[in-house]
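What follows is a single structure, written as structure tokens, with notes after it.
Just so you know, all these numbers are worked out from the coordinates, no wet-lab data involved. These figures come from a predicted structure and were not determined experimentally. Every residue, glycine among them, receives a Cβ derived from its backbone with ideal geometry; neighbour counts consider all protein chains shown.
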Amino acid sequence: MVRVLRFEFRASRLKPQTSNLKALNFKLNMNHPRIALVHDWLTGMRGGEKCLEVLCEIFPDAPIYTLLHVKGAMSPTIESKQIHTSFVQRFPNLETKYRSYLPLFPRAIESFDFSGYDVVISSSHCVAKGAIVSSGTLHICYCHTPMRYVWDMYDEYFGKGRVGIVTRAAMSVIAPYLRRWDVRTAKRVNFFIANSENVRKRIQRIYRRDADVIFPPVDTEQFQLSQKDEGYYLIVSALVPYKRVDLAIAVFNLNGKRLLIVGKGPDEEKLRSMSKPNIEFLGWRGDHELAELYAGCSALLFPGEEDFGIVPLEAMASGKPVIAYGEGGVLETVVEGMSGTFFYEQTEKALTSALERASQLTFNPEAIRARALKFSRGTYKKKMEEFIGEKIHLFYH
């Protein structure tokens, strides 16, 4: 039976009333701890936001603090929360140009006041983990990656050909400051959770901090096993540089096969302009339509390096194989020859060879879905509840 912890507040500390607890075998009574959730920004439902959505379910009374919020862009669970935004919310062109304000993000996240909370849980791939809390407040960070834009993905965002010469020059000055800030503020976190072994190693390398690994939630029940193949390949992705959708477009411009692209982002106009008629842009689609698109595809393409990658597992939950660039978190989810195949250079030749190899392999949809079920939403929720409960007990005991 699950044991319930009840807390009483004394001198702003949480004091457990129940003795002899096994930290991994209880749920918290969430009516008592004063908990706040922190997320970088709310502009659409991608992988990080799906993690946040489950945290909202675990902590239904916890408000969200975020740099900016595009209203209506999130799930009903998130939209129904009390959402606090920073001064960035008042800036123009937030929906498409918010990354332009990157140099101001550290100041913005530090402007929030968390003095009234006992626990702060940040969901961070940029600056959320830099939230300032008091020494008597527990800060747990679910880290999708150290600040993506200035570490491993710097060239993908600010390299030659990605942005103008003025932006590149500015970032050459700003990036070292952001890196120093990112490393320094890692000390503000009591406990790190990494979304993959890939990111755990990155946290160790950059922050010199240990982290536990809890894989992100995949809503496997939203997707059903499919045996059909309607002859198109599928990409589901934000249209940003590091996703390398441009690589897939270049290959499909040559082979003439049908490619459907679900997603939006700042690179959309550029990608449309380079695409031939066999490539279709569908924008973001609702859950039901997305499930139908997974069900009908020949395979999912995943040409970029991702910290973890929920999308490949959504395709696998539909019984579909994944053709992926063999770096990052996808190596922890896709099994070569069983649930997909890899290419190890981001070149047209390598991706073309992988497509040909995949067409010659025989995939078992049942086995592919069984692999995806190991990363279910319920598993994520249970492990997060257990981890957070254990750390609250440890911190306030």
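Once the dipole of the chain is set up with Lys and Arg at +1 and Asp and Glu at -1 on Cβ about the Cα centre, which of MET338, LEU55, SER75 lies farthest towards its positive end?
Projecting each Cα onto the dipole axis, the largest value belongs to LEU55.
Please list the equivalent ellipsoid semi-axes of region 115-204, computed as the square roots of five times the alpha-carbon gyration tensor eigenvalues, in descending order and whole angstrom.
Its equivalent ellipsoid spans semi-axes of 28, 15, 9 Å.
Cα-Cα over 32 Å: which of LYS71/LYS349; LYS129/LYS228; LYS71/LYS381; LYS71/LYS257?
Distance filter (> 32 Å) returns LYS71/LYS349; LYS129/LYS228; LYS71/LYS257.
Of THR220, THR333, THR352, how do they rank once you tally other Cβ atoms within 10 Å and put the fewest first?
THR352, THR220, THR333
Along the three principal axes, how long is region 153-308 when you take its alpha carbons, biggest first, rounded to the nearest angstrom?
For region 153-308, the Cα extents along the three principal axes come out at 51, 42, 24 Å.
Placing +1 at every Lys and Arg Cβ and -1 at every Asp and Glu Cβ, with all other atoms neutral, what dipole size does the chain have around its Cα centre, in debye to the nearest 20?
1220 debye
Bin width 5 Å, origin at 0, all Cα-Cα pairs of region 201-257: what percent of pairs per bin?
The calculated distribution, bin by bin, is 4, 11, 12, 13, 15, 18, 12, 8, 5, 2.
So what is the diffusion coefficient of region 54-200 in µm² per second by Stokes-Einstein at 25 °C and 0.890 mPa s, using a Kirkwood Rh over Cα pairs?
After rounding, the answer is 149 µm²/s.
Of all beta bridges DSSP finds with both residues in the chain, what is the antiparallel percent, to the nearest 5?
Roughly 10 percent of the beta bridges in the chain run antiparallel, per DSSP.
Is the C-alpha gyration tensor of region 300-356 telling us rounded, prolate or oblate? Criteria: a/c under 1.5 is rounded; beyond that, a/b larger than b/c is prolate, otherwise oblate.
oblate
Return the sequence-ordered ³J(HN,Hα) values of region 381-386 in whole Hz as given by the Karplus equation 6.51 cos²θ - 1.76 cosθ + 1.60 applied to θ = phi - 60°, using x for Gly and Pro.
4, 5, 5, 5, 4, 5
If each residue's Cβ is checked for other Cβ atoms within 10 Å, how do ARG208, ARG179 rank with the fewest at the top?
Fewest-to-most ranking of ARG208, ARG179: ARG208, ARG179.
Express the Stokes-Einstein translational diffusion coefficient of region 220-374 in µm² s⁻¹, to the nearest whole number, given a Kirkwood radius over alpha-carbon pairs, 20 °C and a viscosity of 1.002 mPa s.
Approximately 141 µm²/s, per Stokes-Einstein.
Compare the Cα positions of THR66, LEU102, PHE91 along the charge dipole of region 60-159 (+1 at Cβ of Lys, Arg; -1 at Cβ of Asp, Glu; about the Cα centre) and return the one farthest towards the positive end.
So the residue furthest toward the plus end is PHE91.
Report the Cα centroid-to-centroid distance between region 244-283 and region 72-131 in angstrom, as an integer.
Region 244-283 and region 72-131 have Cα centres spaced 31 Å from each other.
Return one number: the angle in degrees, 0 to 90 and rounded to the nearest 10, between the long axis of the Cα atoms of helix 348-360 and the longest principal axis of the Cα atoms of the chain.
Roughly 80 degrees, rounded to the nearest 10.
Counting helices only, and only those DSSP H runs with n ≥ 4, report the 222 nm mean residue ellipticity of the chain as the sum of -39,500 (n - 2.57) divided by its residues, in deg cm²/dmol to the nearest 500.
-10000 deg cm²/dmol
Against the empirical 2.2 N^0.38 Å scaling, what ratio does the C-alpha Rg of the chain come to?
Its radius of gyration relative to the 2.2 N^0.38 Å reference: 1.01.
Using the crude model of +1 on Lys and Arg Cβ and -1 on Asp and Glu Cβ, and no other charge, please compute the dipole size for region 220-374 relative to its Cα centre, in debye to 20.
With Lys and Arg at +1 and Asp and Glu at -1, about 340 debye.
Take the Cα pairs of region 337-383, get the Kirkwood Rh, then feed it into Stokes-Einstein at 25 °C and 0.890 mPa s and tell me D in µm²/s.
194 µm²/s
Considering only MET274, ALA186, TYR294, whose Cα is most displaced toward the positive end of the charge dipole of the chain, charges sitting on Cβ of Lys, Arg (+1) and Asp, Glu (-1)?
ALA186
In debye, nearest 20: dipole of region 197-303 around its Cα centre with unit charges on the Cβ of K, R (+) and D, E (-)?
Roughly 660 debye, rounded to the nearest 20.
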